[in-house]
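Each remark here refers to the structure printed beneath this line.
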Amino acid sequence: MLISIVMPAYNAEKTIRQAMGSVMAQTFKDWELLVVNDKSKDRTRDIILDSAKSDKRIRYIENRRNLGVSETRNRGASLACDQWIAFLDSDDAWEEKKLEEQVEQIHKSDARFVFTGSAFMDQEGGRLDYCLNVPEKISFRQLLKQNVISCSSVLIEKALMEKYPMASGNMHEDYAVWLRVLKNEGLEAYGVNKPLLIYRVSGDSKSGNKAKAALMHWRVYRYIGLPLASS
C-alpha cells in the first residue's frame, strides 16, 4: 500500500519544517509527499527545497499563480502517484504512528475513508490540554450534526478525491467533500480514536468565531443540496 501526502503551503516559513518533519518521522515508510507552494512570498520555497534534499520521497510543486487552499489541494491530489491520499496542512503535524495506525484500520475494516482524533497546539507550537475524540465510524447523517473529521487527519482513496474535488468558496470546503462522499457513495468513514493529528489553533482561522462558523456550515449544507428548511 502506497500513500501520497498532499501539503498545500502559503507563507508557511514558521511552521512547515515541523509539518514536513512529522511526515519524514512516520513509522509507515511507503509514502510520497507533494508540497504545493501556492506562490508564497516568504521563505517557504527555500525551506521546502532544503528539506527535500534529505528525502527523495518529497516532491516540490509550485503554482503559477495563487490558487487558494482548496484548488491547491486538488492540484496536489491530481498529481499524486498512489491510490491513497492523505492531507496535511503546513501548520499542522502528525504523531509518528499516524499513517501506520490508519493503514491497520483499512486492512481491518476494508475502509475507503479513515480519519483520526486530534491533539492541539498553539501558534507557537505549545501543546494544549485538550483532545478531540472521534467515533469508531460515522455516517452522513451523523456527520451533518458536527464535523469531527479534520482535514489533516484524513486518509482517503484517490478515486474519491478525483470524483469529489474541493470547491472554492467561503465555507468549510473539506467538510463539504466528506459529506458528499458519505452521502453519494453510501459509505461510512472510520475513525482511529487516538490524537494522531496535532492541529495548530489560530485565532484568525476561518472558523475562529461561532457566528462565522455557523454561516459556513449553512453554506456547506446548501452546497451539498440540503433543502432550505433542513439546512
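Quick look at the values:
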{"quantity": "Condition broken by PHE140, with the remaining ones in (1) crowded, with 20+ Cβ neighbours inside 10 Å; (2) of a type in the set (Phe, Trp, Tyr); (3) without any contact (Cβ under 8 Å) to a residue 60 or more places away in the chain satisfied", "calculated": "(1)"}
{"quantity": "Unmet requirement for ASN66, which otherwise passes all of (1) open to solvent by 30 Å² or more (accessible area, probe 1.4 Å); (2) under 19 Å from GLY191 (Cβ atoms)", "calculated": "(2)"}
{"quantity": "Odd one out for SER4 among (1) under 26 Å from PHE113 (Cβ atoms); (2) open to solvent by 10 Å² or more (accessible area, probe 1.4 Å)", "calculated": "(2)"}
{"quantity": "Residue match in the range 100-121 (condition: in contact (Cβ under 8 Å) with a residue 40 or more places away in the chain, open to solvent by 20 Å² or more (accessible area, probe 1.4 Å) and under 24 Å from LYS14 (Cα atoms))", "calculated": "yes"}
{"quantity": "VAL148 vs. criteria free of Cβ contacts under 8 Å to residues at least 60 places away in the same chain, touching a Gly at 6+ places or on another chain (Cβ under 9 Å) and not small (Gly, Ala, Ser)", "calculated": "yes"}
{"quantity": "Single residue of ARG43, ARG57 found to be open to solvent by 80 Å² or more (accessible area, probe 1.4 Å) and either closer than 30 Å to HIS107 by Cα or in contact (Cβ under 8 Å) with a residue 12 or more places away in the chain (or both)", "calculated": "ARG43"}
{"quantity": "Enumeration of residues in the range 1-41 that are small (Gly, Ala, Ser) and under 19 Å from VAL103 (Cβ atoms)", "calculated": "SER4, SER22, ALA25"}
{"quantity": "Breaking point among (1) farther than 26 Å from ASP82 by Cβ; (2) open to solvent by less than 30 Å² (accessible area, probe 1.4 Å); (3) of a type in the set (Phe, Trp, Tyr), for TYR130", "calculated": "(2)"}
{"quantity": "Pick from the range 151-180, criterion among the aliphatic types (A, V, I, L, M) and in a helix (DSSP H, G or I), ranking: farthest from THR72 (Cα to Cα)", "calculated": "LEU179"}
{"quantity": "Yes/no for GLU124 being at pLDDT below 95 and open to solvent by 50 Å² or more (accessible area, probe 1.4 Å)", "calculated": "yes"}
{"quantity": "Helices (runs of 4 or more DSSP H) lying entirely in the range 1-98 (those with 2 or more residues that are out of contact with any Ser or Thr (no Cβ under 7 Å at 6 or more places or on another chain) and closer than 16 Å to ILE198 by Cα)", "calculated": "16-24"}
{"quantity": "One residue from SER54, SER22, SER40, SER78 being of a type in the set (Gly, Ala, Ser) and more than 24 Å from MET1 (Cα to Cα)", "calculated": "SER40"}
{"quantity": "Evaluation of ALA119 against (1) under 28 Å from ARG219 (Cα atoms); (2) in contact with a Lys or Arg (Cβ under 7 Å, 6 or more places away or on another chain); (3) in a helix (DSSP H, G or I) (one fails), failing number", "calculated": "(3)"}
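The values are calculated or read from the model by the stated rules, or taken from the named source; none is laboratory data. All values reported here derive from a predicted model rather than from experimental measurement. For neighbour counting, all protein chains shown are included, and Cβ atoms are generated from backbone atoms with ideal geometry for every residue, glycine included. When the accessible area is computed, the model is the full protein with side chains, heavy atoms only, and any ligands, DNA or RNA have been set aside. Shrake-Rupley method; radii C 1.70, N 1.55, O 1.52, S 1.80 Å.
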